[in-house]
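One structure is given below, encoded as structure tokens.
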Amino acid sequence: MNATGIELLDIPPEQVAAEAVLLELRARHTAAKDWDEAEYVANAEAIQLVTHPTAPVSTDASYPGWIPGRPA
């Protein structure tokens, strides 16, 4: 079935659950006044990879000749 109209706005339950985890994490750390944006981004990226196992990711072949710690 091809989605048209309102169906295009539907969010998969897995994505909603992952975003709820991130929102709870943000709320907890904000209340504790120890918010760390880098941690939030890392957690969001990890959840994205776990909930989208077929998502494209970069590999060494994506950046031929690149050496970590040096400009591209």
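The values are calculated or read from the model by the stated rules, or taken from the named source; none is laboratory data. None of these values were measured; they are calculated from a predicted model. Note that each Cβ is placed from the backbone with ideal geometry, even for glycine, and that neighbours are counted across all protein chains shown. Just the protein is used for accessible areas: all its heavy atoms, side chains included, with ligands, DNA and RNA removed. Shrake-Rupley method; radii C 1.70, N 1.55, O 1.52, S 1.80 Å.
About its Cα centre, how strong a charge dipole does the chain have in debye, to the nearest 20, once Lys and Arg get +1 and Asp and Glu get -1 at the Cβ?
Values: 4 positive and 11 negative charges, 43 e Å.
Approximately 200 debye in magnitude.
Sort 32-43, 57-68, 14-25 by the packing proxy (mean of other Cβ within 10 Å over each peptide's residues), most packed first.
Values: 32-43: 10.7, 57-68: 7.8, 14-25: 12.6.
Per-residue Cβ counts within 10 Å, averaged per peptide and sorted highest first, yield 14-25, 32-43, 57-68.
Could you derive backbone 3J(HN,Hα) for segment 43-55 from the dihedral phi with the Karplus parameters 6.51, -1.76 and 1.60 (θ = phi - 60°), listing whole Hz in sequence and x where the residue is Gly or Pro?
5, 4, 5, 5, 5, 4, 5, 5, 7, 10, x, 9, 5
Which percent of the accessible heavy-atom area of the chain goes to carbon and sulfur, probe 1.4 angstrom?
On the way: 3860 of 6200 Å².
Looking at the chain in its full context, I get 62 percent from C and S.
For the pair R70/Y40, report the inter-label distance in nm, with labels modelled 7 Å from Cα in the Cβ direction.
According to this spin-label approximation, the distance is 3.6 nm.
How much accessible area per residue does the chain have, counting only protein heavy atoms and a probe of 1.4 Å, in square angstrom? Mind showing how you got there, number by number?
Numbers: 6200 Å² over 72 residues.
About 86 Å² of surface per residue is accessible.
For q = 0.11, 0.18, 0.24, 0.26 Å⁻¹, what log10 I(q)/I(0) does the chain give under the Debye formula with an equal point scatterer on each alpha carbon and no solvent?
-0.49, -0.89, -1.06, -1.13
Given the -39500 (n - 2.57) contribution per DSSP H run of 4+ residues, what per-residue ellipticity at 222 nm results for the chain, rounded to the nearest 500 deg cm²/dmol? Intermediate values should be presented prior to the final figure.
Numbers: 2 runs with 34 residues, N = 72.
The helix-only estimate for the chain comes to -16000 deg cm²/dmol at 222 nm.
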